[in-house]
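Readers should treat all values here as calculations from the given coordinates under stated rules, not as data from a laboratory. Everything numeric in this text was worked out from a predicted model, so none of it was measured. No Cβ is skipped: glycine too gets one built from the backbone with ideal geometry, and neighbour counts run over all protein chains shown.
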Amino acid sequence: MAEINGKVALVTGGGTGIGKATAIAFAREGAKVVIGNRNVEAGEAVVKTIKDAGGEAVFQRTDVSSEDDVKALVALAVSRYGRLDAAFNNAGVGGMPGPLADQTAENYDFVMDINVKGVWLSMKYEIAAMLQGGGGAIVNNSSVGGLLGFAGVGIYSASKHAVMGLTKSAALEYSAKGVRVNAVNPAVIRTPMAEGLAKTHKTEPDGFAALHPIGRIGEPDEVANVVLFLCSDKASFVTGTASCVDGGFTVQ
């Protein structure tokens, strides 16, 4: 994907799962990658993987619920590489499952701080950097849970609906200024989060295959490919969208 070569791309939650796959995919296509992640060991391991393959990447520990952390991560991208062209706001948590009436304020705050506040803070500083650099593209990681309701994960679903609201609003505000904003909406993808969900249901991630008309769960690279497309000039007329990477889940 020649449109990615030479760009500066930022990925939050880039240490595992979809974030890791996307960071590696950006680097493979020639982007300089800035990775934020709470787990230092995981983030540094992804940077090593990228560098061992001949790519360029840098890591900084980032808690996306902290404004200072997010501001510093974007500042690192600009100071190290001179600009910011693309961002994938992927960092997210599932929280504790259970009926809404049994949920706690602590779990609500935990999920909303990472999944919603974290996306807003990321866009706040990414957009400012992109406007200074002449434009860019942002992709937020929502979920099929951002389009549908699910019993037992109401707070998570609400947080991902909020991500869609932020995505659409930012697209309206900044697309004419050169910053496109889109979302990806994965179903069950083979990630640590899916493994945790599977344990709750006393199964394996592949036990969710029947929920998807395509007959299997997704792979992280399949989401990464869509993120890279949305961040490329090939998607120059695409903004404010929800791109379902879900094996047909939402059309049932």
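Rounded to the nearest 20 debye, the dipole size of the range 121-252 about its Cα centre is 300 debye, using +1 on the Cβ of Lys and Arg and -1 on the Cβ of Asp and Glu. From the Cα gyration tensor of the range 31-181, with a ≥ b ≥ c the square roots of its eigenvalues, which class applies: rounded if a/c is under 1.5, or else prolate if a/b is larger than b/c, or else oblate? Note, shape of the range 31-181 comes out oblate. Straightening the chain between E41 and D68 buys 7.6 nm, computed as 0.36 nm per residue apart minus the Cα-Cα spacing.
A dipole drawn for the range 1-137 from +1 and -1 charges on Cβ atoms has a positive end, and of G118, A77, I4 the residue lying farthest that way is I4.
Applying a DSSP loop filter and a limit of 15 other Cβ atoms within 10 Å to the trypsin sites (Lys or Arg not before Pro) in the range 188-243 leaves K202, R216. Run the numbers on the chain and let me know its relative contact order in percent, using alpha-carbon pairs under 8 Å that are six or more apart. Relative contact order for the chain comes out at 19 percent.
Computed over the chain with a Gaussian network model linking Cα atoms closer than 10 Å, the most mobile of S142, S157, S66 is S66.
Relative contact order of the range 132-237, taken over Cα pairs closer than 8 Å and 6 or more residues apart, is 28 percent. In terms of other Cβ atoms within 10 Å, T241, T49 run from fewest to most in the order T49, T241.
Applying the criteria of a DSSP loop state and at most 13 other Cβ atoms within 10 Å to the chymotrypsin sites (Phe, Trp or Tyr not before Pro) of the range 86-158 yields F150. Ranking of L211, L172 by neighbouring Cβ atoms within 10 Å, starting from the fewest: L172, L211. Between 0 and 90 degrees, the angle of helix 118-133 with respect to the longest Cα principal axis of the chain falls at about 20 degrees. Taken about its Cα centre, the range 153-210 carries a charge dipole of about 180 debye when Lys and Arg each add +1 at the Cβ and Asp and Glu each add -1 at the Cβ.
Qualifying trypsin sites (Lys or Arg not before Pro) in the range 77-130, where qualification requires a DSSP coil assignment and no more than 12 other C-beta atoms within 10 Å, are lacking entirely. Taking each DSSP H run with n ≥ 4 as -39500 (n - 2.57) and averaging over every residue of the chain yields -13500 deg cm²/dmol at 222 nm. Counting Lys and Arg as +1 and Asp and Glu as -1 over every other residue whose Cβ lies under 13 Å from the Cβ of R190, the net charge comes to -4. Counting only alpha carbon atoms, the long axis of helix 17-28 and the longest principal axis of the chain meet at about 20°. All distinct Cα pairs of the chain go into the 1/r average, and the inverse of that average, the Kirkwood radius, is 17.9 Å.
In plain terms, the residue of D109, D233 with the fewest other Cβ atoms within 10 Å comes first and the most crowded comes last, giving D233, D109. Counting only other residues whose beta carbon sits under 14 Å from that of A21, what net charge do I get with K and R as +1, D and E as -1? Around A21, the surrounding residues sum to -1. Overall, the anisotropy analysis places the range 62-115 in the prolate class: the square-rooted eigenvalues a ≥ b ≥ c of its C-alpha gyration tensor yield a/c not less than 1.5, with a/b exceeding b/c. Seen against the Cα atoms of the chain and their longest principal axis, helix 154-174 is set at about 30 degrees. Stokes-Einstein diffusion of the range 190-252 at 25 °C, 0.890 mPa s viscosity, Kirkwood radius from Cα pairs, rounded to a whole number: 186 µm²/s.
Normalised Debye scattering of the range 120-232 at q = 0.14, 0.21 Å⁻¹ gives log10 I(q)/I(0) of -0.65, -1.15, counting only Cα atoms as equal scatterers and leaving out solvent. In the structure shown, the pairs K48/K177; K7/K71; K124/K234 are assessed against 28 Å; a Cα-Cα span above that value is assigned to K48/K177. Across all Cα pairs in the range 1-113, the calculated P(r) in 5 Å bins from zero up to the longest distance comes to 2, 13, 22, 22, 16, 9, 7, 5, 3, 1, 0 percent per bin.
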